[in-house]
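Remarks on the structure that follows.
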Amino acid sequence: KLATDFPSEDIFLMTASPVIKAVTNFKQVSKTLEEFDVEEQPSSLLEKRYPNIKVIQSGVKQLKSDGHKILTEDGKEYIYEKLCLCAGAKPKLIFEGNPYVLGIRDTDSAQAFQKNLAQAERIVVVGNGGIALELVYEIQGCEVIWAIKDKAIGNTFFDAGAAEFLIPKLTAGERETPIECKRTKYTVEGSKEKERPAAASDKLGSALGPDWHEGLHLKGTKEFSHKVHIEKLCEVKHIYLQQEFIQLQRTSLTFPKEGENVEPDHVLWPVYVELTNGKIYGCDFIVSATGVVPNVKPFLDGNNFAVGEDGGLKVDDHMHTSLPDVYAAGDICTAAWEPSPMWHQMRLWTQARQMGWYAAKCMAADALGESVDMDFSFELFAHVTKFFNYKVVVLGKYNAQGLGSDHELMLRCTKGQEYVKVVMQNGRMVGAVLIGETDLEETFENLILNQMDLSAYGEDLLNPDIDIEDYFD
């Protein structure tokens with residue numbers, strides 16, 4: 001966006017990764033809903049398309065905001081007029097520095113995970129967001145103990161009802177063949193992989209796109225297709241390596257089978273996980289899919305940034321941080337403006353793209369001394385994704401975020417086919433979750449945006465015999 005707005009200015013893109021993420025096949029589904037694929041491309045493609053962009057492949061060592069300077073790890077120094085920090089977030093690991101704990105958030109960590117899984121008989125997955133959901137669904141031939149701190153799976157996106165709707169898919173024996181995946185697979189070219197020094201593996205890779213598990217062969221050693229046991233309302237209390245565990249002389253449990261008492265496990269595992277509910281399970285390794293923290297560390301030293309409660313750099317409604325000429329967008333920032341009542345920040349690909357685009361618009365307006373209006377994409381929270389092979393659309397306050405008890409829910413569910421939930425407040429629609437091919441997203445988006453009083457329709461709003469899209473067309 002900057003390169004288009006300022007064709008005669010030099011635009012530098014600094015990245016620690018040999019590839020850059022590009023948005024392709026962009027489709028505006030409705031006013032606020034958008035679908036796109038995320039593709040890894042060599043940076044030369046970007047430089048070819050925009051002759052005024054130069055990609056600098058190096059990590060940032062330090063930001064000297066007083067002198068408008070960036071120092072890179074390869075010892076160079078760059079002066080900027082305006083700077084936008086888009087360094088994303090890094091996985092929040094349950095235990096740092098344990099070789100048996102893998103964090104998944106980017107292409108490199110997904111590859112490490114695939115290697116380990118090939119030899120695995122049992123793994124423990126900790127976390128309850130989008131990545132944990134996808135992972136547990138995709139893994140075959142390996143026992144999975146899934147520890148979640150909530151009552152129901154997928155807590156970031158769903159309520160307990162939606163979780164119940166999805167659970168049968170998790171335990172189904174044979175998978176239906178997934179519909180051909182349009183998104184490009186994420187791979188770093190083999191040649192590039194060899195060149196990467198071993199020490200670079202702890203550097204942050206680029207964040208996973210929505211279909212990150214597609215090109216990966218997620219299969220363990222066992223012959224069965226799918227074995228998942230969910231431990232609810234618990235967290236990891238302690239992790240023991242094999243030697244420590246033997247010395248403790250405690251008992252671990254076998255994989256629980258339906259309706260049977262849980263037996264003590266006599267197999268020796270490389271690592272053991274003690275949960276806060278008192279149970280101990282042995283496993284080959286642990287996947288920490290417990291969300292992300294904004295990657296602010298390289299920029300804080302010597303700079304007086306205002307930082308949000310979630311650790312992100314605070315930005316105002318023009319994506320300014322608290323420092324002059326420094327902007328931030330995506331996972332690294334915390335929206336510190338008074339948001340529209342139907343929007344909230346969530347660290348997702350869609351918001352990263354919108355914020356990046358809007359930040360460029362603000363940087364341009366500031367440079368030219370013009371004013372700019374808040375982008376429409378911040379009017380309504382809207383996200384479309386796929387879980388367990390179902391299309392999933394979430395709109396507005398889809399989980400009644402921040403509404404307290406002042407709301408009602410309306411539901412419609414056809415087992416194995418669709419799940420529709422709307423959140424109503426004072427007769428107006430304020431949020432919705434749509435799972436399956438419901439074709440209701442555009443209608444519901446309009447009803448939330450225009451805040452029409454729907455009390456007259458009562459339960460009929462979700463009556464499957466009434467064609468609601470035609471009605472409100």
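The values are calculated or read from the model by the stated rules, or taken from the named source; none is laboratory data. Keep in mind that what you see is a predicted model, and the values were worked out from it rather than measured. Please note: Cβ atoms are built from the backbone with ideal geometry, for glycine as well, and neighbour counts cover all protein chains shown. Keep in mind that these areas ignore ligands, DNA and RNA; they rest on the heavy atoms of the full protein, side chains included. Shrake-Rupley method; radii C 1.70, N 1.55, O 1.52, S 1.80 Å.
Quick one: in region 236-287, which of the residues that are among the charged types (D, E, K, R) and within 15 Å of residue 121 (Cβ to Cβ) is surrounded by the fewest Cβ atoms within 10 Å (Cβ to Cβ)?
It comes out as 265.
Please determine, by comparing only the residues of region 61-102 that are in contact with a helix residue (DSSP H, G or I) (Cβ under 6 Å, 6 or more places away or on another chain), assigned to a strand (DSSP E or B) and modelled with pLDDT under 95, which one is farthest from residue 235 (Cα to Cα).
This residue is 89.
Select, from 53, 70, the only residue that is closer than 21 Å to residue 363 by Cα and touching a Phe, Trp or Tyr at 6+ places or on another chain (Cβ under 6 Å).
70
Kindly indicate the residue of region 127-166 that is part of a strand (DSSP E or B) and either modelled with pLDDT under 85 or open to solvent by 10 Å² or more (accessible area, probe 1.4 Å) (or both) and also farthest from residue 415 (Cα to Cα) among those meeting that condition.
Applying the filter and picking the extreme gives 143.
Under 9 Å by Cβ, and 6 or more places apart or on different chains, what pairs join a residue from region 356-373 that is of a type in the set (Val, Ile, Thr) with one that is in a loop (DSSP other than H, G, I, E, B) and surrounded by fewer than 18 Cβ atoms within 10 Å (Cβ to Cβ)?
372/318
Given the residues 72, 4, 15, which is the only one that is open to solvent by less than 30 Å² (accessible area, probe 1.4 Å), over 27 Å from the mean Cα position of the chain (by Cα), over 21 Å from residue 291 (Cα atoms) and touching a residue at least 40 places away in the same chain (Cβ under 8 Å)?
72
Could you look through region 362-405, keep only residues that are touching a His at 6+ places or on another chain (Cβ under 8 Å) and at positive phi, and pick out the one that is least open to solvent (accessible area, probe 1.4 Å)?
The residue in question is 400.
State the number of residues belonging to region 450-470 that are touching a Lys or Arg at 6+ places or on another chain (Cβ under 7 Å), open to solvent by less than 70 Å² (accessible area, probe 1.4 Å) and touching a residue at least 40 places away in the same chain (Cβ under 8 Å).
Number of matching residues: 1.
Which one of these is touching a residue at least 40 places away in the same chain (Cβ under 8 Å) and surrounded by 15 or more Cβ atoms within 10 Å (Cβ to Cβ): 416, 431?
Residue meeting the stated conditions: 431.
Does at least one position in region 388-404 carry a residue that is outside any helix (DSSP H, G or I), in contact with a helix residue (DSSP H, G or I) (Cβ under 9 Å, 6 or more places away or on another chain), of a type in the set (Val, Ile, Thr) and not assigned by the TED database to the domain that holds residue 428?
For region 388-404, residues outside any helix (DSSP H, G or I), in contact with a helix residue (DSSP H, G or I) (Cβ under 9 Å, 6 or more places away or on another chain), of a type in the set (Val, Ile, Thr) and not assigned by the TED database to the domain that holds residue 428: absent.
Just to check your reading of the model, which residue among 328, 336 is more than 26 Å from residue 446 (Cα to Cα) and open to solvent by 20 Å² or more (accessible area, probe 1.4 Å)?
Of 328, 336, the one residue that is more than 26 Å from residue 446 (Cα to Cα) and open to solvent by 20 Å² or more (accessible area, probe 1.4 Å) is 336.
So, residue 408, is that one surrounded by 17 or more Cβ atoms within 10 Å (Cβ to Cβ), of a type in the set (D, E, K, R), without any contact (Cβ under 8 Å) to a residue 40 or more places away in the chain and more than 21 Å from residue 338 (Cα to Cα) or not?
no
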